[in-house]
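Engineer: The structure's right below; bear with me while I get my questions together.
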Amino acid sequence: MSRSPARLRALLESGDLPLLLPGAPNALTARVIEEAGFEAAYVSGAGVTNTFLGMPDLGLMSVTELTSHVAAMADAVRIPLVVDADTGFGSALNVGRTVRALERAGAAAIQIEDQVMPKKCGHFAGKEVVSTGEMVGKIKAAVDARDDDDLVVIARTDALAIEGIDAACERANAYREAGADVLFVEAPTTREQLRQVTSSVPGIHMANMVEGGLTPILPREDLAELGFAVALYANAAMRGAVKGMREVLGHLAKHGDTSEAAELMITWQDRQALVRKPEFDELDARYADQEES
């Protein structure tokens, strides 16, 4: 499967059900997502911050750190990557540079949000947003900066928690008119608010399904009925992985070894297959030094 922006656009516009978009904090998780048959992966800013820095989602990651992770993931998988670029790391000028860097690294879509920098997780309290005009400028900068016209620009607004649902929808409409390809109103708290978003704002919409967050977790079919094209599960895989690590480490701490913990881990062979060791072995053999005959 192609990881190109054109492929992602086709996925967004096809099918009766929303695109299931699991999040990956690193290249290994992206490999697992691809292996499981998902058609795209989301590079979660929160996930990268949590796993790479061991810190909360409070705008602490740099654009250089994010770009290096995207490059590693793009090298590891063939499915399209949707990249969470937070606020774009500064002004509209910074957004342009961010888009160019992430596109070169292999992003098929780039998400920009309208929080004040440094941002916070969309389901944290105490968020602030920039003016609509400032965000419109950032979106236009993102659109102008992309080298491939098919690169998908996603505009997220966090205004609902600060200004209310009507204002959030007004912002989403303004962002669509500025050129955003996908609209993402963060943290609706009810099904009715979710319906208002899609009914009052034309376009392609993303719903963020955060376990334990502010938005109700709805079945894929319900999100389709409400008019959403993407169902985002940004950190479900990471949270499942942490639970698995705790179980294995708990067993090791209790028993002093892992001899009876095989069922808690993938096999050695499965691990090597996941990271494509047989492919690398084949390449190693192909390019090995050969004496001239």
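Any read-out appearing in this document is the output of simple, stated calculations on the displayed coordinates, not a laboratory observation. None of the values given here were measured: they were computed from a predicted structure. Here the Cβ is made from the backbone with ideal geometry for all residues, glycine too, and neighbour counts use every protein chain on show.
Engineer: Do you know the relative contact order of the chain, to the nearest whole percent, from alpha carbon pairs under 8 angstrom that are 6+ apart?
Structural biologist: Values: 549 pairs, mean separation 53.8, N = 293.
For the chain, the relative contact order is 18 percent.
Engineer: How large is the charge dipole for the chain, taken about the Cα centre, if only the Cβ atoms of Lys, Arg (+1) and Asp, Glu (-1) carry charge, to the nearest 20 debye? Could you put the intermediate results ahead of the total?
Structural biologist: Numbers: 28 positive and 44 negative charges, 124 e Å.
Here the size comes out at about 600 debye.
Engineer: State, to one decimal in nm, how far the label point of Ala236 lies from the label point of Glu65, with both points 7 Å from Cα in the Cβ direction.
Structural biologist: Result: 2.7 nm between the two label points.
Engineer: Largest first and to the nearest Å, give the Cα extent of region 5-237 along each principal axis.
Structural biologist: In descending order, the Cα extents are 41, 38, 35 Å.
Engineer: Continuing with the same structure: How much mean residue ellipticity at 222 nm does the chain get from its helices, if each DSSP H run of length 4 or more adds -39500 (n - 2.57) and you divide by all residues, to the nearest 500 deg cm²/dmol? Can you show the working numbers first?
Structural biologist: Details: 13 runs with 136 residues, N = 293.
Result for the chain, helices only: -14000 deg cm²/dmol.
Engineer: I would also like to ask the following. How long is the gain from Val275 to Gln290 if the chain were fully straight, where each residue apart is worth 0.36 nm and the alpha carbon distance is subtracted? Show your work: numbers first, answer last.
Structural biologist: Values: separation 15, 0.36 × 15 = 5.40 nm, distance 2.69 nm.
Using 0.36 nm per residue and subtracting the Cα-Cα distance, I get 2.7 nm.
Engineer: Under a 5 Å amide H to amide H cut-off, with H placed in plane at 1.01 Å, what residues pair with Val83 once short-range neighbours are removed?
Structural biologist: For Val83, the qualifying residues are Val43, Ala108, Ala109, Ile110, Gln111.
Engineer: Sorted by average packing, counted as other Cβ atoms within 10 angstrom per residue and highest first, what order do 174-185, 102-113, 266-277 take? Provide the component values of the computation, followed by the final result.
Structural biologist: On the way: 174-185: 21.3, 102-113: 24.0, 266-277: 11.8.
The most tightly packed comes first, giving 102-113, 174-185, 266-277.
Engineer: Enumerate the lysines that Lys119 could reach by cross-link, defined here as Cα to Cα under 22 Å, with residues fewer than 8 away along the same chain left out.
Structural biologist: Result set, ordered by chain and number: Lys127, Lys138, Lys140.
Engineer: Tabulate in residue order the Karplus-calculated ³J(HN,Hα) for region 186-192, using 6.51 cos²θ - 1.76 cosθ + 1.60 with θ = phi - 60°, rounded to whole Hz; enter x for Gly and Pro.
Structural biologist: Per residue, the Karplus-derived 3J(HN,Hα) values read 7, 6, x, 9, 9, 4, 4 Hz.
Engineer: To continue, here is another question. Using the charge dipole of the chain (Lys, Arg: +1 at Cβ; Asp, Glu: -1 at Cβ; taken about the Cα centre), state which of Ala10, Phe38, Val182 has its Cα farthest towards the positive end.
Structural biologist: Val182
Engineer: Apply 1/(1 + (r/R0)^6) to the Cβ-Cβ distance of Met117 and Glu211, taking R0 = 25 Å, and write down the FRET efficiency to the nearest 0.05. Don't skip to the answer; put the middle values down first.
Structural biologist: Details: r = 27 Å, r/R0 = 1.07.
Once rounded, the FRET efficiency stands at 0.40.
Engineer: Further question on the same structure: Rounded to the nearest 0.05, what FRET efficiency do Ala167 and Arg104 give with R0 = 25 Å and r taken as the Cβ-Cβ distance? Could you check?
Structural biologist: Numbers: r = 35 Å, r/R0 = 1.41.
The formula returns an efficiency of 0.10 here.
Engineer: Go through region 160-177 residue by residue and turn each phi into a ³J(HN,Hα) via Karplus (6.51, -1.76, 1.60, θ = phi - 60°); whole Hz please, and just put x for glycine and proline.
Structural biologist: 4, 5, 9, 10, x, 5, 4, 5, 4, 5, 4, 4, 4, 5, 5, 5, 4, 5
Engineer: Among Leu232, Pro202, Gly213, pick out the residue whose Cα is farthest towards the positive end of the charge dipole of the chain, where Lys and Arg carry +1 and Asp and Glu carry -1 on C-beta, about the Cα centre.
Structural biologist: Going by the charge dipole, the pick is Gly213.
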